[in-house]
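Enquirer: Starting off with a structure, shown below.
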Amino acid sequence: MMIKDQIEKLVKKAIQSAQRKKELPKFEIPEIVIEYPREKAFGDYSTNIAMQLVKKAKKSPLGIANLLVTKLVSYKVTKELFDKVEAVKPGFINFVLSPKFLVEQTKEIIKQEEKFGKSKIGKGKKVQVEFISANPTGPLTIGNGRGAFFGDTLTSVLEKSGYKVEREFYWNDAKASTQIRQLGESVKGLAQVYGGDYIKELPKKIKKKYKKDVKSLSAEEAGFYAAKIIEKEVEDFIKKKLKIKFDVWFSEQSLYDKNKIDKVIAVLKRKKLAYYKEGALWFKSTKFKDDKDRVIVRSDGTPTYCLPDMAYHKDKFERGFDKVIDIWGADHAGDVKRVLGGIEALGYGNKLKILIHQMVRLIKGGKEVRMSKRAGIYVTLEELVDEVGLDVARFFFLMNSLDTHMDFDLDLAKERSEKNPVFYVQYAHARISSILRKAKSLKPQAKNLELLNHQAELNLIRQLIKFPEIIEDTARDYEVHRLPYYAMQLATTFHDFYEKCRVISDDKELSQARLALVNATKIVLENVLGVMGISAPERM
RNA sequence: GCCCUCGUAGUUCAAUGGAUAGAACAGAAGCCUUCUAAGCUUCGGAUAGAGGUUCGAUUCCUCUCGAGGGUACCA
């Protein structure tokens, strides 16, 4: 059990005990939040429950805190876990972990190795995460980088938390869609909807691979073949350069081929959620909190994108996922209500979670440049990765919360890449590896750990044992940017330990203990970097 | 117009309603005869503005200003 949960339990027990003895009136106990205090002086964990109970208990916050602390310190478990539990104005209860407990945890880390941080909160649950899902009309841009690295890392976090996870990429490759037709027109040279050099190359590639002359193809077919070529290139790029593995590459066209589109229409009609107006078929999405009803089949008989969207999500749920997470850019934020309404209409309730990331603004020479795939103005993700390296690119994007509107300056990114904090974290790992190489004769094992009593040593352990909580919190709230910040904090704590405590010395027993701690740190660093898809170098 | 995000240090970003708002980069000053100085130590520097709710607001509510996105029988 995680230490946070244990504290929560203990506090709850203390409140209940006080209630039984009529020291506190009867009331329903609210959720007990355990947090990390900002200041080290306030201990390792802290709760504000006393202040929350003021109204219910009709007592002063500090009075409640003191009462609870009296109860808490009388418990046997408390004595084992904590050095100090104290009530502090204005009414916080602070917990300081005991060195004994910290040392025990270090053993646990070494024992569990790469399994450290795993939990069972997702046990038995199947989750699908769909991300990137860029249109097959051109290469991935830096804008796609956000969803790419976020999605990849989130799935790793979920896997570590016990979920069975599938990664899926959705290709909007339907011949009936406007963009594929327009792509075809661009390739045939009939229109210039999509620009960029790669468009000019496509007729040759189509000829080579499919033995077709684009001139003899319809716009739809030319677009479809062009899309297939682009898809292949993007898939290779994602696999080889981004090192992201998707389990499923889903084709929108397949929904048409398998008549899944018509089935949605049938369901909506049966549920009386579709109606004809002005020659078009409308979905009554206002019934599901959408701002207005949406056309699903145009008066010319072709479906709008709403329909395949619904069919696609219906298909996902028919595959038996307990939860489906979609990661979209803010340019699709307007579709959220409609899609949620759509799946509710089809009977899949609230199993869908849509995460929106804000756009990446491209800055050049201090000025914003409008990115446009259509106009061929953009920075590709490949350019960025080639320029700064995958580790830097991943860390850079992962550091931002999805809500942040990112300003991206390629020149600045290049200039700053060598100072990217990812190196700071990796350097900690390289230092550790170096120490372990030097100490080959002394095998790092969980021996003499009780000798670890220096503040720098204990602080390091404190950071290490946060890792499972970091993973669990992230699996719950999807705030993935927590990970890089944790990694930096852990590196800082390690570097501090390194400055203050020499690992290999004449004192063999202390050396062994410190080597064990260093080894535990290596394990956690590899874990957190691994989850983020970032390498942990042995040397730098 | 309406809807969704966002506005924090010179810059790029953090901060489940909590205690003295944190980092990194940039700037100033120090630290290598000892396990990697890609490191460590110290200093200066910020919540767009105005109200409100709360014991307590960067966080919640209202308004103003500013930025991005969306508002199609385009995707």
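Only the coordinates and a few stated rules stand behind these numbers; no lab work does. Small disclaimer: the values here were computed from a predicted structure and weren't measured. All Cβ positions, glycine included, derive from the backbone under ideal geometry; neighbour counts span all protein chains shown.
Enquirer: Sequence gap at least 6, Cα distance under 8 Å: using those rules, report the relative contact order of chain A to the nearest whole percent.
Expert: On the way: 885 pairs, mean separation 81.9, N = 540.
Value for chain A: 15 percent.
Enquirer: Still on this structure, please answer the following. For the stretch A:122-137, what does the Karplus curve 6.51 cos²θ - 1.76 cosθ + 1.60, with θ = phi - 60°, yield as ³J(HN,Hα) per residue in whole Hz, taken in order and with x for Gly and Pro?
Expert: Karplus-based 3J(HN,Hα) across the stretch A:122-137 equals x, 4, x, 10, 9, 10, 10, 10, 10, 8, 6, 6, 6, 5, x, 10 Hz.
Enquirer: Right, next: Using helices alone, what [θ] at 222 nm do you get for chain A, with -39,500 (n - 2.57) per DSSP H run of 4 or more residues, divided over all residues and rounded to the nearest 500?
Expert: It comes out at -15500 deg cm²/dmol, rounded to the nearest 500.
Enquirer: Okay, moving on. For the stretch A:298-315, in order, what is each residue's ³J(HN,Hα) by Karplus, 6.51 cos²θ - 1.76 cosθ + 1.60 with θ = phi - 60°, in whole Hz (x at glycine and Pro)?
Expert: Taking θ as phi minus 60°, the curve returns 5, 5, 8, x, 8, x, 7, 5, 4, 5, x, 4, 5, 4, 4, 5, 4, 4 Hz for the stretch A:298-315.
Enquirer: Which whole-Hz ³J(HN,Hα) couplings does the stretch A:404-419 yield from phi under the Karplus relation 6.51 cos²θ - 1.76 cosθ + 1.60, θ = phi - 60°, glycine and proline marked x?
Expert: 6, 7, 7, 9, 10, 10, 4, 4, 5, 5, 4, 4, 8, 4, 6, 10
Enquirer: Separate question: Round to a whole angstrom and tell me the spacing of the C-alpha centers of the stretch A:479-523 and the stretch A:268-292.
Expert: Here the answer is 60 Å between Cα centres.
Enquirer: Follow-up question, since we're still on this one. Suppose every K and R has +1 on its Cβ and every D and E has -1 on its Cβ; what is the size of the dipole of the stretch A:386-523 about the Cα centre, in Debye to the nearest 20? Walk me through the numbers on the way to the answer.
Expert: Numbers: 19 positive and 21 negative charges, 200 e Å.
Using Cβ point charges on Lys, Arg, Asp and Glu, the stretch A:386-523 gives about 960 debye.
Enquirer: Using only Cα atoms, locate the centre of the stretch A:309-341 and the centre of the stretch A:152-221, then give the distance between them in Å, rounded to an integer.
Expert: Here the answer is 20 Å between Cα centres.
Enquirer: Can I ask one more? Can you list, largest first and rounded to whole Å, the semi-axes you get for chain A by taking the square root of 5 times each eigenvalue of its Cα gyration tensor?
Expert: In descending order, the three semi-axes are 51, 32, 19 Å.
Enquirer: For the stretch A:238-259 and the stretch A:41-99, compute the distance between their C-alpha centroids and round to whole Å.
Expert: 52
Enquirer: Also, I was wondering about something else. Among A:Leu515, A:Leu307, which comes first, then next, by fewest other beta-carbon atoms within 10 Å?
Expert: On the way: A:Leu515 22, A:Leu307 26.
Listed from fewest to most nearby Cβ atoms, that is A:Leu515, A:Leu307.
Enquirer: Next question, about the same structure. Determine the alpha carbon to alpha carbon distance for each of A:Lys287/A:Lys353; A:Lys13/A:Lys58; A:Lys71/A:Lys115 and list only those over 26 Å.
Expert: Exceeds cut-off: A:Lys71/A:Lys115.
Enquirer: If the cut-off is 16 Å between C-alpha atoms, which lysines fall inside it for A:Lys292, apart from same-chain ones fewer than 8 positions away?
Expert: Qualifying lysines at Cα under 16 Å: A:Lys277, A:Lys284, A:Lys337.
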